[in-house]
Amino acid sequence: MKTRQLGTSGLAVSELGFGCMGLSHGYGPATNEKDAIAVIQKAYELGTTFFDTAEVYGQGANEQLLGKALHHVRDKVIIATKFGFQNGRNTDGLNSRPERIRQVAENSLRYLQTDYIDLFYQHRVDPDVPVEDVAGTVKDLIAEGKVKHFGMSEAGVQSIRRAHAVQPVAALQSEYSMFWREPENEIIPLLQELGIGFVPFSPLGKGFLTGKMNANTEFDKTDWRNVMPRFSKENREANKTIVDLVTKIATEQNATPAQIALAWLLAQKPWIAPIPGTTKMSRLEENIGGADLTLSDDDLAEINKALDNITLQGERYPAILAGLQGK
Ligand SMILES: NC(=O)c1ccc[n+]([C@@H]2O[C@H](COP(=O)([O-])OP(=O)(O)OC[C@H]3O[C@@H](n4cnc5c(N)ncnc54)[C@H](OP(=O)(O)O)[C@@H]3O)[C@@H](O)[C@H]2O)c1
């Protein structure tokens, strides 16, 4: 797999990373440890060098999986993790106070079996803590050698500018896919201006763009998609126009819908590195295959024209999480 630079930070990663969240958190019961480690190690064997986790993905459980899976190749991989919630639970509210950031860093280092974190993201902007204090704390951790690069997630224009003035932001991780194109308005131009890399999360639209999901799909009762308006039965039915589009392009390109979704993201900017997630070995290989697919300018123009004509239904987050959307 080819390598990409995340902006001007000097941080180089495989062009497709691997999102580890679903192995422990978010989409139903956690995968058993043996299988989860096998998937992470397979991603590495297939050329992935960029792995994404967070404290909140199972209160450290996901970081521990990564530590077990990759400690023997630690110097060959880039590990990104995130701080910013109280008690390591996104239901307990935000907390990016300096002492909490430091506590998360120490826990993450232990769980990941490492003495440095390559990329330490603030998971969500905390309205109670000036972003300068957050950036300043990460700057100190960088000076101490515990962290290599600073990142933000779902942050808005003003927060990114303010933080970047204190400690350069290497990467922004926010949702971006054919299913959520809002970053194209203000965020992508800002990242281009500041030389910040972009790591799109949920690049497969949380699975929707793969065509393996429809209005009849039943989610496990612990799956967050049950409470996401965009994933209500009615909205899945209403939004199937985008699945039809991606499936049509996939057939034309002799690829799968997941591969089209990833190739489309990779084609947007050379400093974008998406992080698809899966709990399944076969899907891992399929997704990584998306990096081999190049969409021509004509293909992209045609796809974007079709996307512009689709109005997607449903908010992406429920009201309980709405306060966590970027400012
Ligand atoms: N910063 C943030 O706030 C934030 C938020 C969300 C996610 N993330 C990060 O981004 C990563 C990826 O996002 P995500 O997991 O939300 O969404 P995603 O990668 O867009 O989609 C994952 C979903 O798609 C399914 N899937 C994956 N490959 C597939 C394929 N080839 N065919 C059919 N289904 C497929 C997976 O199910 P199976 O497991 O059954 O394959 C899973 O349900 C996460 O792991 C996490 O690291 C960050």
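The values are calculated or read from the model by the stated rules, or taken from the named source; none is laboratory data. Since the structure is predicted, the reported quantities are computational estimates derived from the model, not experimental observations. Neighbour counts are summed over all protein chains in view; Cβ atoms, including those assigned to glycine, are modelled from backbone coordinates with ideal geometry. All accessible areas refer to the heavy atoms of the entire protein, side chains included, with ligands and DNA or RNA removed. Shrake-Rupley method; radii C 1.70, N 1.55, O 1.52, S 1.80 Å.
To the nearest 20 Debye, how big is the dipole of the range 231-297 about its Cα centre, given +1 on the beta carbon of each Lys and Arg and -1 on that of each Asp and Glu?
220 debye
Determine, from the Cβ-Cβ distance of T311 and Q5 and an R0 of 22 Å, the FRET efficiency 1/(1 + (r/R0)^6), rounded to the nearest 0.05.
Efficiency, rounded to the nearest 0.05: 0.05.
Which percentage, to the nearest 5, of the DSSP beta bridges contained in the chain is antiparallel?
Close to 25 percent.
Rg over Rh of the range 106-253, using C-alpha atoms and the Kirkwood radius, what does it come to?
Value, to two decimals: 1.06.
Counting heavy atoms of the protein chains only and a 1.4 Å probe, report the per residue accessible area for the range 1-92 as a whole number of Å².
Using a 1.4 Å probe on heavy atoms only, each residue of the range 1-92 averages 37 Å².
Find how much the distance from E106 to N216 grows on full extension, using 0.36 nm per residue of separation minus their present alpha carbon separation; answer in nm with one decimal.
Extra length available between E106 and N216 comes to 35.2 nm.
Under the classification rounded if a/c is under 1.5, otherwise prolate if a/b is larger than b/c and oblate if not, where does the range 105-164 fall, given a ≥ b ≥ c as square roots of the Cα gyration tensor eigenvalues?
prolate
If the label point is 7 Å along Cα→Cβ of N254, which residues in the range 291-309 have backbone nitrogen under 18 Å from it?
In the range 291-309, the label zone of N254 (backbone N under 18 Å from the point 7 Å along Cα→Cβ) covers 291-296, 299.
May I ask you to list the trypsin sites (Lys or Arg not before Pro) in the range 1-105 that are in a DSSP loop and have at most 11 other Cβ atoms within 10 Å of their Cβ?
Passing sites in the range 1-105 are K2.
First check a/c for the range 44-153, with a ≥ b ≥ c the square roots of the eigenvalues of its C-alpha gyration tensor; if it is under 1.5, answer rounded, and if not, answer prolate when a/b is larger than b/c or oblate otherwise.
Taking the square roots of the gyration eigenvalues as a ≥ b ≥ c, the range 44-153 is prolate.
Treating each Cα of the chain as an identical point scatterer and ignoring solvent, apply the Debye formula and state log10 I(q)/I(0) at q = 0.09 Å⁻¹.
With no solvent term, the Cα-only Debye profile gives -0.42.
Can you compute the charge dipole magnitude of the chain about its Cα centre, using +1 on each Lys and Arg Cβ and -1 on each Asp and Glu Cβ, nothing else charged? Give it in debye, rounded to the nearest 20.
Dipole about the Cα centre, nearest 20: 480 debye.
Expressed as cubic angstrom per residue, what is the convex hull volume of the alpha carbon set of the range 192-242?
Measuring per residue, one finds 117 Å³ for the Cα hull of the range 192-242.
Rounded, prolate or oblate: which fits the range 179-219, taking a ≥ b ≥ c as square roots of the Cα gyration tensor eigenvalues, rounded meaning a/c under 1.5, else prolate when a/b beats b/c?
prolate
Over the chain, what is the relative contact order in whole percent, taking alpha-carbon pairs under 8 Å and six or more residues apart?
So the answer I get is 20 percent.
When the accessible area of the range 112-190 is split by element with a 1.4 Å probe, what percent falls to carbon and sulfur?
Taking all protein chains in place, the range 112-190 shows 47 percent carbon and sulfur surface.
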